[in-house]
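Here is the structure we will look at, set down as structure tokens.
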Amino acid sequence: MNLEHSPQVDRVLRHSERDLVSARVTLRPEEGQGYWELTRIRNDLYVILSDFSYTRARFERVPGDGLVQFNFKLSGDLTYALSDPGPLRFTRPALHMWRQPTGIDMQEWTAPSSHERMVTFSARPQFLQQFLHAAGHGETSSRLRAFISEPSGRVDFCQLALTPPMVGILTQVLNNPYQGMLYLIYQEALIHQLLCVAVAELAAPTQPAAPYSQRELGSLEAARKLLAEQLTPVPTLRKVARSVGLSERALTRAFKAVYGETVFDFSLRCRMQHAMSLLRDRRWSVDRVSEAVGYAHPTSFATAFRRQFGLRPIDVKPLKSRRPIS
């Protein structure tokens with residue numbers, strides 16, 4: 001692809017000897033503020049810098065490519081719609097790591113007016129194996145092993161807290177002071193630093209994220225599964241608590257502590273994500289969709305949908321696929 005002649009790209013940098021290429025896309029005023037920047041480091045790493053906020057909610061289909069993705073998120077409100085374990089919402093600083101097998105697509109939703117600041121890079125599992133071997137990590141942790149072994153047929157995912165070294169490198173990446181070839185060389189060095197600290201963190205002994213037993217954590221996962229699958233009639237808090245063997249009070253407190261949102265908010269998000277899928281992919285009518293996600297009146301559904309996504313159900317249009325710039 002000839003990046004220099006693409007109308008959406010306003011800056012292209014190339015370093016032929018190191019096989020580096022970078023393209024920056026600045027949002028149009030009607031879309032929002034900020035930019036995306038896509039960088040390819042040979043055929044090893046594919047990097048996306050994000051520093052933007054959309055005026056309206058944005059939806060994209062992310063095709064599965066079999067690559068392992070590291071998402072270092074500093075700020076924003078981003079949701080990935082997954083059938084299992086259900087929608088994943090990211091609103092706090094964290095490192096999200098996943099592998100999305102070829103043929104398994106995800107839907108991505110960015111909340112309106114949310115300032116998204118993150119650095120994401122993808123790598124081939126074979127490259128990571130070579131990298132780990134060169135770094136002396138012959139025995140990989142269970143968290144790393146899940147991403148470099150044979151595909152499981154589902155989206156493998158884990159989340160870690162950002163460490164101070166990660167935050168320091170991320171700040172340098174997003175505020176690269178150099179121009180031209182020096183800009184590309186500096187970015188390459190910083191991305192490899194990020195990969196090093198991520199691998200070290202993943203290889204470290206797993207620490208418990210919350211003071212809950214395995215039985216309690218299993219009950220919370222069962223609650224998420226129930227809420228994600230039973231969209232109508234909407235299960236009451238009492239029914240969910242009884243189904244997973246917890247009291248209503250224990251379920252309410254633990255769910256918010258572990259997942260960062262309430263039972264009600266998660267249930268609503270699952271229903272709205274399903275509604276979006278029905279409107280975009282199946283072209284169902286608003287009346288039919290409202291019934292499918294537990295609303296007796298289409299007007300109530302339309303109000304909840306607009307509050308969630310920032311647009312009316314009748315304004316929903318087909319999804320666009322995100323494709324990397326090479």
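The values are calculated or read from the model by the stated rules, or taken from the named source; none is laboratory data. Keep in mind it's a predicted model, so treat the numbers as computed, not measured. With ideal geometry, Cβ positions are generated from the backbone for all residues, glycine too; neighbour counts draw on all protein chains shown.
Restricting attention to the stretch 281-326, the residues being buried (at least 17 other Cβ atoms within 10 Å of the Cβ), at pLDDT below 90 and farther than 14 Å from F59 by Cα number 1.
Results for (1) exposed (fewer than 11 other Cβ atoms within 10 Å of the Cβ); (2) modelled with pLDDT of 90 or more; (3) among the basic types (K, R), shown as yes or no for each residue.
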| site | (1), (2), (3) |
| --- | --- |
| M181 | no, yes, no |
| L190 | no, yes, no |
| L194 | no, yes, no |
| Q207 | yes, no, no |
| P211 | yes, no, no |
| K225 | no, no, yes |
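Just one of the numbered conditions (1) closer than 22 Å to S50 by Cβ; (2) in a loop (DSSP other than H, G, I, E, B); (3) more than 21 Å from the chain's Cα centre (by Cα) is not true of L162: (3).
Can you name the residue in the stretch 1-29 that is in contact with a Ser or Thr (Cβ under 7 Å, 6 or more places away or on another chain) and assigned to a loop (DSSP other than H, G, I, E, B) and, of all such residues, is modelled with the highest pLDDT? By that ranking, first place goes to D10. Could we say that A257 is over 24 Å from E108 (Cβ atoms) and hydrophobic (A, V, I, L, M, F, W, C) here? Taking the combined requirement at face value, the residue satisfies it. I'd like to check something: does the stretch 73-93 contain any residue that is basic (K, R), modelled with pLDDT of 85 or more, within 30 Å of A222 (Cα to Cα) and in a strand (DSSP E or B)? Within the stretch 73-93, one or more residues are basic (K, R), modelled with pLDDT of 85 or more, within 30 Å of A222 (Cα to Cα) and in a strand (DSSP E or B).
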